[in-house]
Amino acid sequence: MNRMRQLMGAALLGLTSSTASFAQEAVQASQFENRNFLPFTEEAFARGLRYTTPHAPSNGVAWIGTGVALCDLDGDQDVDAALMGASTGRIGTFENSGTGFFDDRSNLHTLPKTPWPSGVVALDYDADGDLDLFFTQAGVGSILAENQGAFSFVDVAAAAGLDAPALSTGASAGDFDGDGWIDLHVPSYNFTDRVFHNQGDGTFLEVAASLGLDDASRGWQSTFFDMDWDGDADLYVSNDKKVAADTTMTNHLYENVGGTFVDVSAASGTDCNIYSMGIGVGDYDGNGYQDLYCTNLRYEPNYLFHNLGAGVFEEAHALAGVESFRSAWGAMFFDFDNDAHQDLYVCNIGEPNALYSHAGSYPSQDIASKLDVDDPDLSYVCAMGDIDDDGDLDFVVQNTTKAIRLYVNNEGQRRNWIKLRVVGEGANVFAIGAHVSIRIGNRWQHREILTGGNSFKAQHMLTVHFGAGTARVVDEVAVTWPGGRTRSFSNLATNQTWLLTPE
């Protein structure tokens with residue numbers, strides 16, 4: 001029986017625990033000046049994550065970033081990896097030993113080679129309790145890798161109705177109509193965007209036109225997220241205006257109203273006309289709503305949209321100090337130092353990557369060079385997960401022409417944390433779209449469980465992570481499941497991973 005199914009019977013169970021230092025000082029950039037301590041160490045080769053993405057062939061945007069996933073592929077509650085873009089076309093799958101070391105299991109799957117690899121999304125499309133993988137490609141059909149257990153994957157895209165070719169980029173997944181089955185949005189750079197409705201019988205129906213989502217802009221990335229916390233999946237799409245004279249390509253925000261979509265791009269203030277690529281999703285300002293960070297070419301700033309609630313956003317990149325003015329692609333919010341404030345990592349090409357440290361006030365500080373994560377190469381894709389289960393978030397970076405890089409986090413162990421595995425209801429086994437909040441004292445932190453769409457062509461760990469600073473106990477945890485069921489839990493010890501079920 002799948003491990004997730006075995007755990008569903010427990011109402012609330014502490015699964016793991018580890019010790020952590022109880023640092024008393026606020027996290028400031030100056031503390032990283034001590035070079036005797038390395039906050040991050042690059043350990044991909046040493047830990048068995050050996051995979052290289054070569055230079056792209058000359059077909060336009062085909063290999064601008066290749067998919068990276070950090071997620072639990074075998075149901076044993078640790079973070080495995082799936083990678084694409086090797087010169088052989090072989091999709092790489094890697095099993096985590098449980099200690100953050102990886103074994104190459106690529107010989108166990110029968111997936112086709114990927115001549116034009118693009119992005120990856122993890123979803124349990126058939127509701128059997130394990131994560132399947134959806135790989136997009138640029139100009140040829142996508143791959144739906146059905147998980148058969150023990151790192152055996154087979155491509156069922158044709159049977160599922162997902163193999164139609166297009167120049168597909170960064171897809172996202174979510175249950176837009178509230179039926180419990182996880183659907184897909186697939187943007188395209190030279191074709192109309194597509195929406196695949198999960199029929200619940202192993203097949204998908206393309207419904208973009210009927211929803212008004214068959215946009216023909218130059219789409220790079222999309223994300224399903226709940227912008228107004230009303231319990232349904234709204235949609236944001238990042239579009240490239242391509243050339244400065246082209247003013248028709250703007251980003252689009254669609255509000256979900258009862259399973260249909262209303263274009264609120266202009267009214268919300270998120271209809272930026274930029275060379276928009278990746279999308280970071282997270283509550284950067286701590287007001288309880290999900291903010292958006294849109295990466296851009298170096299001629300213009302990256303855009304940070306603070307979500308004010310009620311469908312209104314404001315531009316805050318200058319205020320926050322995260323404008324960048326570098327050619328940026330992937331971006332992700334994560335609390336790397338466990339100080340209970342979200343930080344921001346940004347992939348750049350030809351210029352150093354950035355890590356904006358946010359200690360609770362603006363402006364944020366780019367401390368990537370102090371942490372040795374200022375990768376200077378052609379960085380496109382980044383994904384995060386706690387690969388060694390020590391309570392802090394590690395991450396991988398995909399660079400064109402280079403081997404995958406794995407940055408192991410040593411800094412977060414100096415403060416406390418809590419991780420939450422949320423079990424879903426019905427067909428939505430992994431609780432995609434659930435709203436998870438914690439309270440320490442009088443301060444709340446908020447997350448949403450998202451699959452795909454957060455960053456650029458990447459998949460993050462689905463276990464929810466919060467930094468807890470010096471706190472030994474989380475006073476309250478609140479979960480709202482898709483469909484509206486809520487539960488509250490009190491006095492959960494930090495430095496543990498907890499399983500939360502809807503009943």
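The values are calculated or read from the model by the stated rules, or taken from the named source; none is laboratory data. Small disclaimer: the values here were computed from a predicted structure and weren't measured. Note that each Cβ is placed from the backbone with ideal geometry, even for glycine, and that neighbours are counted across all protein chains shown. With ligands, DNA and RNA removed, areas are computed over all heavy atoms of the protein, side chains included. Shrake-Rupley method; radii C 1.70, N 1.55, O 1.52, S 1.80 Å.
A cut-off of 5 Å between modelled amide H atoms, ignoring neighbours fewer than 5 places along the same chain, links Tyr275 with Lys241, Leu297.
With a ≥ b ≥ c the root eigenvalues of the C-alpha gyration tensor of the range 396-488, is it rounded (a/c under 1.5), prolate (a/b larger than b/c) or oblate? Present the calculation step by step, with values, prior to reporting the outcome.
Details: a/c = 2.91, a/b = 1.25, b/c = 2.34.
Oblate, because a/c is 1.5 or more while a/b does not exceed b/c.
Once both labels are positioned 7 Å from their Cα atoms along Cα-to-Cβ, the gap between Ser490 and Thr41 label points is 4.3 nm. Sequence-ordered 3J(HN,Hα) estimates for the range 487-503 from the Karplus curve with 6.51, -1.76 and 1.60 and θ = phi - 60° stand at 9, 10, 10, 10, 6, 8, 5, 7, 6, 9, 9, 10, 9, 10, 10, x, 9 Hz, glycine and proline given as x. Couplings 3J(HN,Hα) of the range 312-321, computed from phi: 10, 10, 10, 5, 9, 4, 5, 4, 7, x Hz, in residue order, whole Hz [Karplus 6.51 cos²θ - 1.76 cosθ + 1.60, θ = phi - 60°; x for Gly and Pro]. A simple spin-label model places the labels of Ala209 and Ala164 0.9 nm from each other, with each point 7 Å out along Cα-to-Cβ. Solvent-accessible surface of the chain, taken per residue with a 1.4 Å probe and all protein chains present: 33 Å². Sequence-distant contacts, meaning Cα pairs under 8 Å at least 6 residues apart, place the relative contact order of the chain at 17 percent.
The Cα atoms of the range 459-503 give a gyration tensor whose axes a ≥ b ≥ c have a/c of 1.5 or more with a/b no greater than b/c, which makes the shape oblate. Share of carbon and sulfur in the accessible area of the chain stands at 50%, probe radius 1.4 Å.
Using the Stokes-Einstein relation with a Kirkwood hydrodynamic radius computed over Cα pairs, the translational diffusion coefficient of the range 303-461 at 37 °C and a viscosity of 0.692 mPa s comes to 195 µm²/s. Here the extension length gained between Thr52 and Asp201 equals 50.0 nm, from 0.36 nm per residue of separation less the Cα-Cα distance.
Once log10 I(q)/I(0) by the Debye sum over Cα atoms at q = 0.08, 0.10, 0.13 Å⁻¹ is worked out from the coordinates, which option in [x] -0.41, -0.67, -1.25; [y] -0.63, -0.85, -1.15; [z] -0.57, -0.84, -1.23 does it equal? Recomputing log10 I(q)/I(0) by the Debye sum over Cα atoms at q = 0.08, 0.10, 0.13 Å⁻¹ here gives the entry labelled [x].
A cut-off of 5 Å between modelled amide H atoms, ignoring neighbours fewer than 5 places along the same chain, links Asn190 with Leu167. The phi-based Karplus calculation (6.51 cos²θ - 1.76 cosθ + 1.60; θ = phi - 60°) puts the 3J(HN,Hα) values of the range 39-54 at x, 10, 10, 7, 9, 4, 5, 5, 9, x, 8, 10, 7, 10, 10, x Hz, whole numbers, x for Gly and Pro. Excluding same-chain neighbours fewer than eight residues apart, the aspartates and glutamates reachable from Lys113 by a Cα-Cα span under 15 Å are Asp155, Asp163. Close amide H pairs (under 5 Å, H built 1.01 Å from N) link Asp375 with Asn353, residues at least 5 positions away or on another chain. In this rough spin-label picture, where each label sits 7 Å from Cα along the Cβ direction, the Ser87-Tyr362 distance is 4.6 nm. Tell me what the chain gives for mean residue ellipticity at 222 nm when only DSSP H runs of n ≥ 4 count, each as -39,500 (n - 2.57), the sum divided by the residue total, rounded to 500 deg cm²/dmol. Roughly -1000 deg cm²/dmol at 222 nm, from the helical runs in the chain.
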